[in-house]
Amino acid sequence: MGQILAVDYGKARCGIAATDDFQIVASGLPTVETKNIFVFFKKYIAENNVDGIVIGLPTDLKGNLSEVEKDIVKFIEKFRIEFPAIEIHRFDERFTSKMASFFISQSGKTKKKREEKGLIDKVSATLILQNFLEQKQK
């Protein structure tokens, strides 16, 4: 069994998370600038056994897709070409940024650290992955 990765995709940067090899626990990885995302994945996937990737599905409260979905679709198409053996999943990412901000605010970090966008992206990706794992177990 290999890891599952998660991506909280953004135009400027992507939050990344990964499971352990037994797909039990999600942990945040370094936030990556979107322009460098495939460089990161090529290195990471070459060094780790990765079975799947979960990509956030950005919808609003009414279920409408956000504007960034167009970029995500292009990302997925390229990912399929680069890594055809890795299964791709989509998962609703509603409220993950708000939840990430809340959890960070409760963590005791300084105000400057709490407002760091990269940290929010990293925690959001971790929440997407942990929620995906919980749903998968049901």
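The values are calculated or read from the model by the stated rules, or taken from the named source; none is laboratory data. Given the structure is predicted, the values throughout are model-derived calculations rather than measurements. Note that each Cβ is placed from the backbone with ideal geometry, even for glycine, and that neighbours are counted across all protein chains shown.
Quick rundown of the values:
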quantity: Conditions (1) more than 14 Å from the chain's Cα centre (by Cα); (2) of a type outside the set (Ser, Thr, Tyr); (3) within 25 Å of LYS136 (Cβ to Cβ); number of the one not met by LYS42; calculated: (3)
quantity: Close pairs (6 angstrom Cβ cut-off, 6 or more residues apart or separate chains): under 20 Å from ASP121 (Cα atoms) in the range 40-61, surrounded by fewer than 12 Cβ atoms within 10 Å (Cβ to Cβ) anywhere; calculated: GLY52/GLU87
quantity: Boolean, VAL54 is part of a strand (DSSP E or B), within 26 Å of GLN137 (Cα to Cα) and of a type in the set (A, V, I, L, M, F, W, C); calculated: yes
quantity: Residue check for ASN36: surrounded by fewer than 18 Cβ atoms within 10 Å (Cβ to Cβ) and touching a strand residue (DSSP E or B) at 6+ places or on another chain (Cβ under 7 Å); calculated: no
quantity: Answer residue from the range 88-111, given it is among the hydroxyl-bearing types (Ser, Thr, Tyr), surrounded by 11 or more Cβ atoms within 10 Å (Cβ to Cβ) and farther than 22 Å from LYS35 by Cα and is modelled with the highest pLDDT among those; calculated: THR96
quantity: Total residues in the range 39-58, condition in contact with a strand residue (DSSP E or B) (Cβ under 7 Å, 6 or more places away or on another chain) and surrounded by 15 or more Cβ atoms within 10 Å (Cβ to Cβ); calculated: 10
quantity: Residues of the range 45-80 satisfying the condition of being more than 21 Å from LYS11 (Cβ to Cβ), of a type outside the set (Gly, Ala, Ser) and out of contact with any Lys or Arg (no Cβ under 9 Å at 6 or more places or on another chain); calculated: ILE45, GLU47, ASN48, ASN49, VAL50, ASP51, LYS62
quantity: Identity of the residue in the range 59-87, loosely packed, with under 14 Cβ neighbours inside 10 Å and assigned to a strand (DSSP E or B), that ends up modelled with the highest pLDDT; calculated: GLU87
